[in-house]
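Enquirer: What follows is a structure written as structure tokens; I'll ask about it next.
The values are calculated or read from the model by the stated rules, or taken from the named source; none is laboratory data. What you see is a predicted model; the values in this text were computed from it and never measured. Counting neighbours? That spans all protein chains shown, and the Cβs are built from the backbone with ideal geometry, glycine included. Surface accessibility is based on the protein's heavy atoms, side chains included, excluding ligands, DNA and RNA. Shrake-Rupley method; radii C 1.70, N 1.55, O 1.52, S 1.80 Å.
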Amino acid sequence: MTTQEFSVPDKKMGELKTQNGREVLFNASANSAATGNDGLTGQLFNAGLGLPSDFNAESKGKIALIKRGGDLTFQVKVENAVAAGVAGVIIYNHEDSPGPLSFNVSGDIKIPVGGITKSSGAALLTDVVAENKTVTLNVKELKNLTSSNIIATKAPEKGGSNEIMHVSAHYDSVPFSPGANDNGTGTAAALELARVFKDYKLDKELRFVFVGAEEIGLVGSKHYVDKLSADEVKRSIANYNMDMVATAWDKATVLYTNTVDGKPNLVTTTANEVAKLIKTPSTLFLFQRGSSDHVDFHRVGIPAANFIWREPVTNNLEPYYHTPDDVLKYVSSAKLKEVANIVGASVYSLIRKK
Ligand code: BES
Ligand code: ZN
């Protein structure tokens, strides 16, 4: 097993606490200013929709609580607040959503800025604004960050071929989402397959690639593929990528095999044959989609596909995707087993010692 470390871009991390110590989910905007280590403590005031008329001489040095929506963009709301001399801006959502509002502003913003949920906004209006209390905003800039790919390799039996099979799953998730299905499930399936394959005799090299930093732009898989030598790329026969392989959302009944060009390849054709052979219950459907770690394998010419459950016809993903609701309760063990069976049997059929 090897660990492959790589750099990832700087990022902002925000925290919001009320005067009585309650933590509020807060999403710092990418262009927010950082605060000092102790954060910024200030009185919170209701700045309506963030119109110029929502501010006055009293606003100076306080933290503005602004509602999303109306005619103004996030950018203009923030600019109006800055012009009024506020010390920080918190924008709350105007619609229900499980995670805090995420928005970006451009330019050189000199104050901390970020988003919260609609219900957090309502709670702050009653518990903090109406009570003339303060909040503490803490925004840190995290620098020199790294992530890692974890690679487990099983060598072929003596006299085997020098070809390589890659099974991948990203193990990171997005902020405010536990990532049970995206992608605890792909990670669990890959771990289980690694456990099972340990005792099988193989004719080709098998690599399990646990990928970091997928969610910030496929950074880990790009690093892994770029580190393969030209010879390794040439010897690579396929990439089976598992990402969101066990949603319990009842509408996601079809197992999509996503390829970057929408065309079938060794991965998808083998999966289809094997699914018939071992009689798994669900339909497989070939679809054109990137957005996961199979993209970089495809880029260098390795047949690659991503396995993911979706709703047929609409192609919808589960509603829990990238939210705080992506939890174990919405993971299906039957779906997990089905994908692990299809991917495991496909991989075995391609690399077993005959
Ligand atoms: N598992 C998701 C999404 C996904 C959807 C993958 C459909 C494959 C097919 C993945 O982790 C993700 O969220 N990807 C990002 C793109 C990435 C480049 C940051 C996305 O789709 O927004
Ligand atoms: Zn994912």
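Enquirer: Scan the range 193-217 for residues that are open to solvent by 30 Å² or more (accessible area, probe 1.4 Å), within 15 Å of ligand 1 (Cβ to nearest atom) and touching a residue at least 60 places away in the same chain (Cβ under 8 Å) and jot them down.
Expert: Of everything in the range 193-217, just one residue is open to solvent by 30 Å² or more (accessible area, probe 1.4 Å), within 15 Å of ligand 1 (Cβ to nearest atom) and touching a residue at least 60 places away in the same chain (Cβ under 8 Å), namely ILE216.
Enquirer: Which of the following residues is more than 16 Å from ligand 2 (Cβ to nearest atom) and either at positive phi or touching a Pro at 6+ places or on another chain (Cβ under 8 Å) (or both): ILE116, ILE90? Before you say what the answer is, go through the steps one by one.
Expert: Details: ILE90 fails: either at positive phi or touching a Pro at 6+ places or on another chain (Cβ under 8 Å) (or both).
From the options ILE116, ILE90, the qualifying one is ILE116.
Enquirer: If only one of ASN183, ASN162, ASN144, ASN132 is in contact with a Phe, Trp or Tyr (Cβ under 8 Å, 6 or more places away or on another chain) and either of a type in the set (S, T, N, Q) or closer than 23 Å to ASP296 by Cα (or both), which one is it? If you could, list the steps in order and put the result at the bottom.
Expert: Values: ASN162 fails: in contact with a Phe, Trp or Tyr (Cβ under 8 Å, 6 or more places away or on another chain); ASN144 fails: in contact with a Phe, Trp or Tyr (Cβ under 8 Å, 6 or more places away or on another chain); ASN132 fails: in contact with a Phe, Trp or Tyr (Cβ under 8 Å, 6 or more places away or on another chain).
Within the list ASN183, ASN162, ASN144, ASN132, the selection yields ASN183.
Enquirer: Given the criteria assigned by TED's automatic domain parsing to the domain that holds TYR171 and loosely packed, with under 15 Cβ neighbours inside 10 Å, does VAL331 qualify? Outline the logic, then answer.
Expert: Numbers: assigned by TED's automatic domain parsing to the domain that holds TYR171: yes; loosely packed, with under 15 Cβ neighbours inside 10 Å: no.
Answer is no for this residue.
Enquirer: Now for a different question. Can you confirm whether LEU44 is under 17 Å from GLY14 (Cβ atoms), in contact (Cβ under 8 Å) with a residue 12 or more places away in the chain, open to solvent by less than 20 Å² (accessible area, probe 1.4 Å) and out of contact with any Lys or Arg (no Cβ under 6 Å at 6 or more places or on another chain)?
Expert: On the way: under 17 Å from GLY14 (Cβ atoms): yes; in contact (Cβ under 8 Å) with a residue 12 or more places away in the chain: yes; open to solvent by less than 20 Å² (accessible area, probe 1.4 Å): yes; out of contact with any Lys or Arg (no Cβ under 6 Å at 6 or more places or on another chain): yes.
When the stated conditions are applied, LEU44 passes them.
Enquirer: Let me ask another. List every residue pair whose Cβ atoms sit under 7 Å apart, with the two residues 6 or more apart in sequence or on different chains, where the first one lies in the range 287-305 and is closer than 14 Å to LYS263 by Cβ and the second, anywhere, is open to solvent by 60 Å² or more (accessible area, probe 1.4 Å).
Expert: Pairs that qualify, where the first residue is closer than 14 Å to LYS263 by Cβ and the partner is open to solvent by 60 Å² or more (accessible area, probe 1.4 Å), are GLN288/ASP261; PRO303/LEU266; ALA304/HIS298.
Enquirer: Right, another one. Would you please list the contacts, defined by Cβ atoms under 8 Å and residues six or more apart or on different chains, that run from a residue in the range 94-113 that is surrounded by 18 or more Cβ atoms within 10 Å (Cβ to Cβ) to a residue that is outside any loop (DSSP other than H, G, I, E, B) and among the basic types (Lys, Arg)?
Expert: none
Enquirer: A further question follows. Just to check your reading of the model, which residue among ALA252, ALA246, ALA345, ALA305 is of a type outside the set (D, E, K, R) and away from ligand 2 (no atom under 16 Å from the Cβ)?
Expert: Details: ALA252 fails: away from ligand 2 (no atom under 16 Å from the Cβ); ALA246 fails: away from ligand 2 (no atom under 16 Å from the Cβ); ALA305 fails: away from ligand 2 (no atom under 16 Å from the Cβ).
None of the other options fit; the residue is ALA345.
Enquirer: Consider only pairs whose beta carbons are under 7 Å apart and that are at least six residues apart or on different chains; among these, list those whose first residue lies in the range 1-20 and is closer than 14 Å to ALA34 by Cβ and whose second residue is open to solvent by 90 Å² or more (accessible area, probe 1.4 Å).
Expert: Matching pairs, first to second residue: ASP10/LYS143.
Enquirer: Shifting gears a bit: Test ALA190 against the criterion of being open to solvent by 20 Å² or more (accessible area, probe 1.4 Å), in contact with a strand residue (DSSP E or B) (Cβ under 7 Å, 6 or more places away or on another chain) and within 16 Å of ligand 1 (Cβ to nearest atom), and give yes or no. Please lay out each step first, then the result.
Expert: Details: open to solvent by 20 Å² or more (accessible area, probe 1.4 Å): no; in contact with a strand residue (DSSP E or B) (Cβ under 7 Å, 6 or more places away or on another chain): yes; within 16 Å of ligand 1 (Cβ to nearest atom): yes.
Criteria not met by ALA190.
Enquirer: Further question: Of the conditions (1) open to solvent by 30 Å² or more (accessible area, probe 1.4 Å); (2) within 30 Å of the chain's Cα centre (by Cα), LYS133 satisfies every one except a single condition; which number is it?
Expert: Only one criterion in (1) open to solvent by 30 Å² or more (accessible area, probe 1.4 Å); (2) within 30 Å of the chain's Cα centre (by Cα) is unmet by LYS133, namely (2).
Enquirer: Identify, by number, the condition in (1) within 16 Å of ligand 2 (Cβ to nearest atom); (2) of a type in the set (Asp, Glu); (3) open to solvent by 10 Å² or more (accessible area, probe 1.4 Å); (4) assigned to a helix (DSSP H, G or I) that ASP231 doesn't meet.
Expert: (1)
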